[in-house]
Structure formats: structure tokens, C-alpha cells
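Derivation of every value follows stated rules applied to the coordinates shown; laboratory data play no part. These figures come from a predicted structure and were not determined experimentally. Here Cβ is always computed from backbone atoms with ideal geometry, including for glycine, and neighbour counts include all displayed protein chains.
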Amino acid sequence: MALGSIRITVLGSGTSVGVPTIGCRCPVCTSDDPRDKRLRPSIYVRYGDHGVLVDTTPDFRQQALRARIERVDAILYTHSHADHIMGLDDIRPLNFRQGGEIPIYGAAEHMENIRRCFHYVFSNTKTESSKPRLAINIFDASPINLFGLEFTPIRLCHGQGTVHGFRFGKAAYLTDHSDIPEESMNQLTGLDVLFLDALRHRPHPTHSTVERSLQSVEKLAPRRAFFTHICHDLSHARTEEQLPPHVRLAYDGLEICVEEGAA
Ligand SMILES: [Zn+2]
Ligand SMILES: [Zn+2]
Ligand SMILES: [Zn+2]
């Protein structure tokens, strides 16, 4: 199916605590460069008349206002860490606009955590106020067809935990991971755009580093790569000076266009 172009908006490129980080006076947290201001990690994918959101960060309201998001037709969850789910309640104005339930998709373990964190949303008890209206869907390894575009869950190691990235057309978004298993590497060939976790230079038990993600880029050979989930160790300008031209740091508000949905 011809879908034309897919537009990816980076809603947030920061690590779990965001940049600037509360209480920190380091050069990156006090930088004037707007690309050093990083909300929590998320993207919005637009194609045809539809918009798909990946994760609902604690900053979702601010991100949606800034990106002028007017509809969300589905939400995909990478995992259930707080920096990826805590904005879920702010989906309500989109429910009001759109009517009906918004389908949300996650792996069983993570959907269970989301259900527990937001028990009031999924309980059948009547409320005098409004609550998000959502339809839960559990994914396994099979591609999820959303409005004519297939999103394939890509299994990733996030320390001891298992999380998912997503491949859609010639784009892939792999936030939080420390390792990409071999069988997942095989699902990531022929990419135009690859987003991937690169927290900082120093090793971290649950996140990839600039050096490690550069190795992944070298193996997978996408046409372009963007690093995300970035902490305050990395100055945007100074880090990019040290990267090859086809590898850049993502920044909040960045828009990337990928031609043709079919891979
Ligand atoms: Zn995270
Ligand atoms: Zn700082
Ligand atoms: Zn995480």
C-alpha cells in the first residue's frame, strides 16, 4: 500500500530526568542552545490522515502543545518505565476531540504495569470526572498494522529487562536499550532512518553509549542515524562535532521525513 511520506517528530530527546536536570548547574543544563533542552523521550509518527504516538512521557502535555498534535489514533509503548508512561492521563483532550477509545499497544509485562499504575483508568467504577478512554492491545513479535502501516516490535535488552523498539517502513525507533540481540539486528537492515539510545559516553547498566551506538550504526548501516535518550553529559554542538556526518543527535522538535511506507 502506498502511503506517501512518513513524518517523524521528536517530542523529546532527553533521558529519564530530562535536561536541564533539577538542581544542576553544569554547562549543558545552563546552556543557551535550545537543542540542549531535552524533554523525556517520545516520537509522534504522522502518515496519511493518521498520527501514532510512541510512549506518553511525563512531558506529554507540553510536547503535544509544542508539536501542535491534534489527533492520536494509536499509542505504542516501548516499556513501562515512568519516563515513558506517566503522561497517559493527558490523552483526555484527544478523547474529547476524537470520541471513542484510543487503542494502546504494549508487551504483556509492560501493559500489566501500566494497568497497575493507572488503575483508575482501567477499572469499571463510575467516576464523576473524566478519565482516559483506551483500548488495551497486547503485542508479541508480530507486526501491528495501524491504518495501513506495519509497526514491527523489535526486542531489545534494557539491562536485565526486555523492552521493544519499533520498525515502520524504512524507519526504526530504538529508545532505551543496552544491547540489541542478534535476531533484532537482522530486522533492522535497509533503513533510511534509525533512532537509537545513546545516553552518554560513560557506560551505564541499562543504556547504550555514544560509542556503543556508533558500533550499532556501523553494523546496521542506515542512511541516517539520530541518537536520543541523551543525558546532560552531552553538549549538542560539541558532541556532533565528533560524530560522522550521517550520525546526529536528535533534539526536541526535530522533524524527519521518510519516503514511502513500504520497506
Ligand atoms: Zn527511558
Ligand atoms: Zn547538568
Ligand atoms: Zn527505561
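With only the Cα atoms considered, the range 15-74 has a convex hull volume of 89 Å³ per residue. Each of the peptides 9-16, 138-145 was scored by the mean count of other Cβ atoms within 10 Å over its residues; in descending order, highest first, they stand as 9-16, 138-145. Once the Cα atoms are used to define both axes, helix 210-220 deviates from the longest principal axis of the chain by about 80 degrees. Only alpha carbons enter this Debye calculation for the range 67-220, each as an equal point scatterer, and the log10 of I(q)/I(0) it gives at q = 0.16, 0.20 Å⁻¹ is -0.95, -1.30. Each helix, a run of at least 4 DSSP H residues, gives -39500 (n - 2.57); summed and divided by the residues of the chain, these come to -5000 deg cm²/dmol at 222 nm.
Kindly give Rg over Rh for the range 162-263, based on alpha-carbon atoms, with the Kirkwood expression for the hydrodynamic radius. We get a ratio of 0.94 for the range 162-263. Counted by Cβ distance under 10 Å from C231, the other residues give a net charge of +2, where Lys and Arg count +1 and Asp and Glu count -1.
Sorting the segments 37-47, 193-203, 149-159 by their mean number of nearby beta carbons within 10 angstrom, highest to lowest, gives 37-47, 193-203, 149-159. Across the range 108-122, computed HN-Hα scalar couplings (Karplus, 6.51 cos²θ - 1.76 cosθ + 1.60, θ = phi - 60°) run 3, 4, 6, 5, 5, 5, 5, 4, 6, 4, 10, 4, 5, 5, 9 Hz from first to last residue, x flagging Gly and Pro. Extension gain, E109 to C157: 0.36 nm times the residue separation minus the Cα-Cα distance gives 15.9 nm. The equivalent ellipsoid that matches the C-alpha gyration tensor of the range 149-194 spans semi-axes of 18, 10, 9 angstrom, in descending order. Gain on full extension, evaluated as 0.36 nm per residue between I22 and F122 minus their Cα-Cα distance, stands at 32.8 nm. Summarising the label geometry, the points placed 7 Å from Cα in the beta-carbon direction at R71 and E182 lie 4.5 nm from one another.
Subtracting the Cα-Cα distance of R97 and R223 from 0.36 nm times their residue separation leaves 41.6 nm of extension gain. Ranked from largest, the principal axis spans of the Cα set of the chain equal 55, 47, 35 Å. Rg/Rh for the range 62-108 (Cα atoms only, Rh after Kirkwood) is 0.96.
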